[in-house]
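As structure tokens, the structure follows; a few thoughts come after it.
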Amino acid sequence: MAEGQGEQELPDFGEGSYWEEHYVKAAAEGEDVYDWLVGWTQLQWILEPLMGRDPRCAVLHLGNGNSPLPEEMFDAGYKDQTAVDISEAATLHMAARNRQRASIRWITADCRNLIQIPSDHYPLVVDKSTLDAFFCNDQHALAIMEFLKEAYRVTATGGTFVSVSMHRPKAVLPWLRHRLFRWRMIRARGGRGATSTFAAQPHWEEDFPGGNKRCKADESLEAHWPRIFQQVTLHPDSDLSSSDESDSEED
Ligand SMILES: C[S@@+](CC[C@H](N)C(=O)[O-])C[C@H]1O[C@@H](n2cnc3c(N)ncnc32)[C@H](O)[C@@H]1O
């Protein structure tokens, strides 16, 4: 992690093995649920309008851990949810805890490579502090770009990717504004407490000159991801320079 950490050694938040150990220990110590940063009470005001208050809205949680957010949303009426985490211990724990909320799907998977999830699929994709974990990865550029690439790919056209972060907008926005992602940033604010909230929607083609067809995330990824992947693989711990890849346009 970059800002203000000095020489302090940080836990391996960017590593799957760290989280598996963390959740095994949490369960052994009797921790049932834990919400990072904020919970449903603080997020309801932004998430519900983005779902059109439609209880059929399909929601994907990226790196859910043992956050109670999906179950609280379920109890508020949103039954169609999928929660992914790299830790099997967390996934199994949440599946068992929510046996009665049977329509929530709990999947153990790497959010950097969501092969089981089709493109252009979820009207609402939620990241709460999972992107933050990748900021701690030794190879953070690679980790962040792979994570955002998948978030972008699985967010439906017309849908929204919401990212709640402990970082200030100036640390996160350059990544979200990477030219690979043709997001329209509809909300980016330093939020309540120590959080920032970002809400981004895939652009529609009519926003660009020449047409009224929608822009599919896949088209942008197919055209540009191989080059970006090569770049972040060669320089996995680099930061973005606004001159080459980050789109500096104001919203
Ligand atoms: C800071 S915690 C946030 C947990 C939860 N979203 C919350 O807000 O309480 C980061 C979560 O990301 C998960 N995670 C880390 N790397 C991941 C990866 N590559 N794929 C899926 N989940 C991952 C961790 O297991 C952990 O549950």
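Restricting A151, A133 to residues that are near the ligand (Cβ under 9 Å from one of its atoms), outside any strand (DSSP E or B) and within 23 Å of V38 (Cβ to Cβ) narrows the list to A133.
Take the residues of the range 88-100 that are of a type outside the set (V, I, T) and buried (at least 17 other Cβ atoms within 10 Å of the Cβ): which is farthest from M73 (Cα to Cα)? Ranking the qualifying residues of the range 88-100, first place goes to A89. Within the range 71-87, is there a residue that is outside any helix (DSSP H, G or I), β-branched (V, I, T) and farther than 20 Å from S17 by Cβ? Yes: one or more hits.
Screening the range 2-47 for residues that are more than 10 Å from the ligand (Cβ to nearest atom) and on the phi > 0 side of the Ramachandran plot and picking the one that is modelled with the lowest pLDDT gives G4. For the range 132-167, the set of residues classified as farther than 25 Å from L50 by Cα and touching a strand residue (DSSP E or B) at 6+ places or on another chain (Cβ under 9 Å) consists of F135 only.
Within the range 89-104, the set of residues being in contact with a helix residue (DSSP H, G or I) (Cβ under 7 Å, 6 or more places away or on another chain), in contact (Cβ under 8 Å) with a residue 60 or more places away in the chain and more than 10 Å from the ligand (Cβ to nearest atom) comprises just one member, H93.
The rows are residues; the columns are (1) in contact (Cβ under 8 Å) with a residue 24 or more places away in the chain; (2) closer than 30 Å to H140 by Cα; (3) within 11 Å of the ligand (Cβ to nearest atom); (4) surrounded by 14 or more Cβ atoms within 10 Å (Cβ to Cβ).
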{"position": "M73", "(1), (2), (3), (4)": "yes, no, no, yes"}
{"position": "T82", "(1), (2), (3), (4)": "yes, yes, no, yes"}
{"position": "D110", "(1), (2), (3), (4)": "yes, yes, yes, yes"}
{"position": "L114", "(1), (2), (3), (4)": "yes, yes, yes, yes"}
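For P70, state whether it is modelled with pLDDT of 95 or more, in contact with a Gly (Cβ under 6 Å, 6 or more places away or on another chain) and within 27 Å of G158 (Cβ to Cβ). No: the conditions fail for P70. F161 meets each of the listed conditions (1) surrounded by fewer than 24 Cβ atoms within 10 Å (Cβ to Cβ); (2) hydrophobic (A, V, I, L, M, F, W, C); (3) farther than 16 Å from G14 by Cβ; (4) within 15 Å of the chain's Cα centre (by Cα) apart from (1). Taking residues in the range 15-32 that are in contact (Cβ under 8 Å) with a residue 40 or more places away in the chain and within 18 Å of F134 (Cα to Cα), and partners anywhere that are among the hydrophobic types (A, V, I, L, M, F, W, C) and within 12 Å of the ligand (Cβ to nearest atom), the pairs with Cβ atoms closer than 7 Å and at least 6 places apart or on different chains are G16/I86; W19/I86; E20/A89; Y23/A89; Y23/A90.
The values are calculated or read from the model by the stated rules, or taken from the named source; none is laboratory data. Everything numeric in this text was worked out from a predicted model, so none of it was measured. When we count neighbours, we look across all protein chains shown, and the Cβ atoms used for this are built from the backbone with ideal geometry, even at glycine.
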